[in-house]
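Read-outs throughout are calculated quantities, based only on the coordinates presented, and are distinct from any laboratory measurement. This is a predicted model, so every value here is computed, not measured. Cβ placement follows ideal geometry from the backbone for every residue including glycine, while neighbour counts extend to all protein chains displayed.
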Amino acid sequence: MRISILFGAMIIGLAGLMSPVCGADHTKDSTDVVKKAIADDKAVLLDVREKSEWEDGHLKDAKLLSWSELKAGAKPEDVAKIIPKDKIVYCHCASGVRSLKAADALQKLGYDVRPLKPGYMDLLKAGFAPAPK
């Protein structure tokens, strides 16, 4: 009995280490609301993919700050050079997972972050303009 309880606790602990635990949820804001907020200069679009992904194609209005840079401990003053604190930050990645992790990190720095579930390709399909190559 004691061994099975310990084994169960180990399995639960390992599962917790392997699953992404994020406090943020994907925003319920529609892509039209996001586009309008960006157009009205009330929000910024932040791409948290890696630089190599960015170079393969990115959205016209986006700024780049990769999740790996945030995870490595980007300094608040460096983050502030990329994204202003007085605007909503809509962050996106390729599939929505890194945007949640980035949102957690940025919220701890005092940003109003609304992670997007649609990834880069989905945002293109939703009518976000690609950056010229």
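Scan the range 60-73 for residues that are touching a residue at least 40 places away in the same chain (Cβ under 8 Å) and surrounded by 19 or more Cβ atoms within 10 Å (Cβ to Cβ) and report the count. Before the answer, list the steps.
Taking the range 60-73 first, the residues touching a residue at least 40 places away in the same chain (Cβ under 8 Å) are 60-62.
Okay, now just the ones that are also surrounded by 19 or more Cβ atoms within 10 Å (Cβ to Cβ), so 62.
Going through the range 60-73 one residue at a time, the tally reaches 1.
Taking the range 79-92, which residues are surrounded by fewer than 18 Cβ atoms within 10 Å (Cβ to Cβ) and assigned to a loop (DSSP other than H, G, I, E, B)?
P84, K85, D86, K87
Determine if the range 119-128 includes at least one residue that is exposed (fewer than 14 other Cβ atoms within 10 Å of the Cβ) and on the phi < 0 side of the Ramachandran plot. Spell out how you get there, then give the answer.
Pass one, the range 119-128, residues exposed (fewer than 14 other Cβ atoms within 10 Å of the Cβ): 121, 125, 127.
Among the residues that remain, those that are also on the phi < 0 side of the Ramachandran plot are: 121, 125.
Yes, some residue in the range 119-128 is exposed (fewer than 14 other Cβ atoms within 10 Å of the Cβ) and on the phi < 0 side of the Ramachandran plot.
For residues that are buried (at least 17 other Cβ atoms within 10 Å of the Cβ) and of a type in the set (A, V, I, L, M, F, W, C), scanning just the range 95-118, find the one that is farthest from V34 (Cα to Cα).
Among them, the one singled out is A105.
Let's see how each residue does on (1) closer than 19 Å to K42 by Cβ; (2) touching a Cys at 6+ places or on another chain (Cβ under 8 Å); (3) not in a helix (DSSP H, G or I):
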position: A94; (1), (2), (3): no, no, yes
position: L106; (1), (2), (3): yes, yes, no
position: G110; (1), (2), (3): yes, no, yes
position: K117; (1), (2), (3): no, no, yes
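In the range 33-56, what count of residues is obtained for those that are in a loop (DSSP other than H, G, I, E, B) and surrounded by 13 or more Cβ atoms within 10 Å (Cβ to Cβ)?
Going residue by residue through the range 33-56, those that are in a loop (DSSP other than H, G, I, E, B) are 40-42, 48-50.
Narrowing the set further to residues that are surrounded by 13 or more Cβ atoms within 10 Å (Cβ to Cβ) leaves 48-50.
The total comes to 3.
In the range 57-78, which residues are among the hydroxyl-bearing types (S, T, Y) and outside any helix (DSSP H, G or I)? Walk me through it before giving the result.
The initial filter retains those residues of the range 57-78 that are among the hydroxyl-bearing types (S, T, Y), namely 66, 68.
Listed by number, the list holds a single entry, S66.
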